[in-house]
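Here is the structure we will look at.
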Amino acid sequence: MTPTIKRRTFLAATLAAATGASACGFSDNSDGEIGGNGDQEGGTLRLSMVPISTLDPAIAGNASNGQIIMTGLWEGLVVHDPVDHYQVLPGVAAEWEISDDLLTFTFHLRRNAKWSNGDPVTAHDFEWNWKRLLTPGTSGEQAPSYNHSVMRVVGAESYLGGETDDFSTVGVKAHDDTTLEITLEAPNENFLIELANFQCLPLHPATMEEVGGQGWLDPDVWVSNGAYVLGDFRINQGAVLLPNDQYWDKDSYHLSRWEILFNDGGTTADLLSYENDDIDITGRIEDDLEAVTTSDVGDELVTSPMNQIRQLVVMNSRDTRLNDVRVRKALALAIDREAVAEVGRPGEPGTSMIPDSVPGGEQVPGVEYDVDAARSLLADAGYPDGDGMPTITVLDYQSSPWVEATAQMWRDNLGIDVTIDNVERGLYMEKRHELHPEGYSGFYAINVSVSSLQIAAQRIVPSAATAGIVGLNLVPPDVAQEVLNAEAAGAPVQQILDVLDANRYPAAQRAIELAREALALTDPQAKEAKLVECAIARDEAFGEIPVLWGGYNLLVKPRVKNLELWPFGSVLSTKGVTIEG
């Protein structure tokens, strides 16, 4: 019999090694009866968030906001621990074992896990969902949510890249209704944490096969396996979630109704709705935190653990002046992050792509404010006092004071013209990965999270989900066009990755090579040292410029009890939450 390690032992050992080394009241059509359960009376929670158009876990674009809803509707094999963020708890899987070589995870599903229509949740359902997740084209024109560099499931990248259509080559096997086996290419101490994320949530296979397309979003045919069912979903308006009386752990969820208002009006609209008592929890109010902290409700601001990086990622353009690492370093040095933090509170100065709150982050020195050095670098690159530099464009989908403050510092300290291109979110998602014409060059603003040095390294190794032409994957424009053409023609993923590896700029290539070396190591101390070296090299490539560190920021009414925020894209858990009064 293959030696096994029980889940808690494995998590403790491997993670220790990693760390040491307007109103919200629109009416739904359900009359509160879909999945309703009179025993779960705990009030109505009203929450605001950025609009989303779908709830499909297979689409990477859902990684930002849709997770808040998705983790209520579905449950994966494991779930995040709201108290200890470096652990997971049983979900549909009641228990699991990990083989002695740390490659094979065997999950044993609980027999009382049911879909909201009463069907049992089986290991075959999860295998079906993995096949759907990895099938090329499932995410349409958007990027797939599966990221091979952070999951590393055997055969997954080849299947997703279209190199084979034989799913038996993928390391996901249902041995029977209650046993699922997942095999990895290499040990991955963060695998269970990643498995708890939105991309591994299961859809109901029979419903998906019967209705097809987006018909499964219709509440009349809705089936899910989480604490809630979908009572209503309206694009650009909102959603209503109701208790699922078939959920195995329903007694731990007390809300009788969860209303979500889609708000594209930013902090101004959220703050007004909150002050008018139309919502209980705002969306992620990051575009005008000063307005919040100076308001009458500023003391109700709640922040998740600070593992977020507000950053600027270089875009690709036929104007190649930003392709010079000296220019990007000059821009990074010219940012007074202490001053930016004053307009971005409760954010903190972000000097590196690894926040100090991440274990090992204190070993990464990052970048300091030095205007003289910035001007010298710009002169060395051929642009003294900013002469000859293009207008820098910063692409964003909201009004962000930290972006505006950074732009003004570049104008004042370096003599560079800067414009901010605020567009709606869908257009932002498209524009940030385009090859732009000569009149458009610059960065896109984004907020990302990282929970360990290993995950940070995994995410910069290009895969089917992360191959692109921006940031560390910046390449000359003719090569960028070749990559885009290959992607459009459905070329094999490895072919595209080979082109990027052969043409990436040296500083970025070094960071990625160090990431690959670090991920291949098994000795904890050697691995940590290499991960730190990789993090330093990543900062020195300046494909991404860190500006602030922070967490998710929400206003939460005092009557919302037992709410836990965590440093994941799903932001919060409603387990145990009640509404007082």
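For E517 and D299, FRET efficiency with R0 = 60 Å and r from the beta-carbon atoms, rounded to 0.05? Show your work: numbers first, answer last.
Values: r = 48 Å, r/R0 = 0.79.
For R0 = 60 Å, the calculated efficiency reads 0.80.
Share of antiparallel DSSP beta bridges in the range 308-550, in percent to the nearest 5? Provide the component values of the computation, followed by the final result.
Working: 15 of 26 bridges.
DSSP beta bridges in the range 308-550 are roughly 60 percent antiparallel.
Taking all protein chains in place and a 1.4 Å probe, what share, in percent, of the accessible surface of the range 246-374 do carbon and sulfur account for? Spell out each step's value before the answer.
Working: 2070 of 4850 Å².
Accessible surface attributable to carbon and sulfur in the range 246-374 totals 43 percent.
If you count only protein heavy atoms with a 1.4 Å probe, what accessible area per residue comes out for the chain, rounded to a whole Å²? It would help to have the intermediate numbers written out before the result.
Numbers: 21800 Å² over 581 residues.
Ligands and nucleic acids excluded, the figure is 38 Å² per residue.
Tell me, in nm to one decimal, what length is gained between D372 and R411 on full extension, where the rule is 0.36 nm per residue of separation less the Cα-Cα distance?
This chain segment gains 12.6 nm when fully extended.
For a quick check: with amide H placed at 1.01 Å from N, whose amide H comes under 5 Å from R318's, ignoring anything fewer than 5 positions away on the same chain?
For R318, whose amide H was placed from the backbone, the distant partners under 5 Å are H436, E438.
Using +1 at the C-beta of Lys and Arg and -1 at the C-beta of Asp and Glu, which of W410, L203, G283 has the Cα lying farthest in the positive direction of the dipole of the chain?
L203
List the residues, sorted by chain then number, that are 5 or more residues from I335 or on another chain and whose placed amide H is less than 5 Å from its amide H.
Placed amide hydrogens put D370 under 5 Å from I335.
What ³J(HN,Hα) values, in whole Hz, does the Karplus curve 6.51 cos²θ - 1.76 cosθ + 1.60 give for the range 74-85 when θ = phi - 60°, with x put for Gly and Pro?
Karplus-based 3J(HN,Hα) across the range 74-85 equals 10, 10, x, 4, 10, 10, 5, 8, x, 9, 10, 6 Hz.
Using a simple charge model, +1 on the beta-carbon of Lys and Arg, -1 on the beta-carbon of Asp and Glu, nothing else, what dipole does the chain show about its Cα centre, in debye to the nearest 20? Don't jump to the answer; show the numbers that get you there.
On the way: 39 positive and 87 negative charges, 162 e Å.
Here the chain has a charge dipole of around 780 debye.
How large are Rg and Dmax for the range 308-550 when only the alpha carbon atoms are used, in Å?
Expressed in Å, the Cα Rg and Dmax of the range 308-550 come to 17.3, 50.
Which ³J(HN,Hα) values in Hz, rounded to whole numbers, follow from the phi angles of the range 304-316 under the Karplus curve 6.51 cos²θ - 1.76 cosθ + 1.60, where θ = phi - 60° and Gly and Pro get x?
Per residue, the Karplus-derived 3J(HN,Hα) values read 6, x, 7, 10, 9, 10, 8, 9, 10, 10, 5, 8, 9 Hz.
For the chain, what ratio Rg/Rh do Cα atoms give with a Kirkwood hydrodynamic radius? Could the numbers behind the result be given before it?
Values: Rg = 23.6 Å, Rh = 24.7 Å.
Looking at the chain, the ratio lands at 0.96.
Is the range 534-580 best put as rounded, prolate or oblate by its Cα gyration tensor, with a ≥ b ≥ c the root eigenvalues, rounded for a/c under 1.5, and otherwise prolate when a/b is larger than b/c, oblate when not? Could you put the intermediate results ahead of the total?
Numbers: a/c = 5.83, a/b = 3.19, b/c = 1.83.
Cα axes put the range 534-580 in the prolate bin.
Subtracting the Cα-Cα distance from 0.36 nm times the residue separation, let me have the gained length for A486 to T44 in nm, one decimal. Each step should come with its number before you reach the end.
Values: separation 442, 0.36 × 442 = 159.12 nm, distance 4.94 nm.
So the extension gain works out to 154.2 nm.
Under 17 Å Cα-Cα from K173, which lysines qualify once same-chain neighbours fewer than 8 residues away are excluded?
K173 reaches K131.
For the range 65-165, what's the relative contact order in percent, using C-alpha pairs closer than 8 Å and at least 6 residues apart? It would help to have the intermediate numbers written out before the result.
Numbers: 83 pairs, mean separation 13.6, N = 101.
Worked out over the range 65-165, it gives 13 percent.
Taking the Cα centre of the range 308-550 as origin, sum charge times position over the Cβ atoms of Lys and Arg (+1) and Asp and Glu (-1), and report the length of that vector in debye to the nearest 20. Walk me through the numbers before you get to the answer.
Numbers: 20 positive and 36 negative charges, 89 e Å.
Computed about the Cα centre, the dipole is about 420 debye.
What list of ³J(HN,Hα) couplings, whole Hz, do you get for the range 485-497 from phi and the Karplus terms 6.51, -1.76, 1.60, once you set θ to phi - 60° and write x for glycine and proline?
Listing the rounded values in order: 5, 5, 4, 5, 8, x, 5, x, 4, 4, 4, 5, 5 Hz.
I'd like to know which of P243, L531, V92 lies farthest towards the positive end of the charge dipole of the chain, counting +1 on Cβ of Lys and Arg and -1 on Cβ of Asp and Glu.
So the residue we want is L531.
The values are calculated or read from the model by the stated rules, or taken from the named source; none is laboratory data. Predicted model, so just to flag it, every value in this text is computed and none were measured. So basically every Cβ, Gly included, is an ideal-geometry build from the backbone, and we count neighbours across all protein chains shown. The accessibility values were calculated without ligands, DNA or RNA, using every heavy atom of the protein model including side chains. Shrake-Rupley method; radii C 1.70, N 1.55, O 1.52, S 1.80 Å.
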